[in-house]
Amino acid sequence: MESNTTPDDDRGFTVIELVMIIVLVTLVAMTAAPRLADITGIKASATARRLQSDITYTQNLAMTKNQRHRIVFPATTSYEVRDAAGSLATNPDGGGGFAVTTDSGITLSWSLNGDATLNRGVEFDSLGRPYFYNGVTPSTADLTAGTITMWSGGTPQQTVTVQPQTGKVSAP
């Protein structure tokens, strides 16, 4: 026996299916939104880790090449690694000059021996001791305090500290 009924039209979604999709999309958005809102904190943290690594690399360059090397802050959005003659060191991450620009929205401020002027930095001697670089080579002033802060939207996000005497670099 054949039925004369026509098959249901299965080309669309039911109201229940649409409601379920809306609920799932809402749940995903609620879990992802806090992480997206903290993207500047993630950028600042990544910048702090890279700066920490680059300062340690500068110290290692000074010790392995037996000549002074320094990290200098020419702008609030960049830093450079230079050798004793003032030339840019070779960037181990692909060659070329070692100049780094921060991510969009991230700025730097520093206090090195209480000085926050542009073109200041930290210079390391062949034993890895840190000195305050104020534009005069070779630096003779011991580094007594060194902090570099990553900012985003006018709010400090992360701080990198260079310890006097040892040059140990730390970032939380």
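The values are calculated or read from the model by the stated rules, or taken from the named source; none is laboratory data. Just so it is clear, the structure is predicted and the values come from calculations on it, not from any experiment. Here Cβ is always computed from backbone atoms with ideal geometry, including for glycine, and neighbour counts include all displayed protein chains.
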Q59 versus (1) crowded, with 21+ Cβ neighbours inside 10 Å; (2) without any contact (Cβ under 8 Å) to a residue 60 or more places away in the chain; (3) touching a Phe, Trp or Tyr at 6+ places or on another chain (Cβ under 6 Å): which is the lone unmet condition?
-> (2)
Scan region 77-103 for residues that are exposed (fewer than 15 other Cβ atoms within 10 Å of the Cβ), in contact (Cβ under 8 Å) with a residue 12 or more places away in the chain and assigned to a loop (DSSP other than H, G, I, E, B) and jot them down.
-> G86, P92
Is there a residue being over 20 Å from P172 (Cα atoms), of a type in the set (A, V, I, L, M) and either at pLDDT 95 or above or surrounded by 15 or more Cβ atoms within 10 Å (Cβ to Cβ) (or both) anywhere in region 44-54?
-> no
Tell me the strands (runs of 3 or more DSSP E) entirely within region 118-172 that contain at least 1 residues that are out of contact with any strand residue (DSSP E or B) (no Cβ under 7 Å at 6 or more places or on another chain), touching a residue at least 24 places away in the same chain (Cβ under 8 Å) and farther than 16 Å from N60 by Cβ.
-> none
Filtered residues of region 65-119 (kept if closer than 19 Å to A145 by Cα, modelled with pLDDT of 90 or more and among the acidic types (D, E)) = none
What single numbered condition from (1) surrounded by 15 or more Cβ atoms within 10 Å (Cβ to Cβ); (2) farther than 16 Å from V162 by Cα fails to hold for P74?
-> (1)
In region 26-43, which residue that is in a helix (DSSP H, G or I) and charged (D, E, K, R) is modelled with the highest pLDDT?
-> K43
The residue that is surrounded by the most Cβ atoms within 10 Å (Cβ to Cβ), considering only those in region 135-154 that are closer than 17 Å to S111 by Cβ and of a type in the set (S, T, Y), is S139
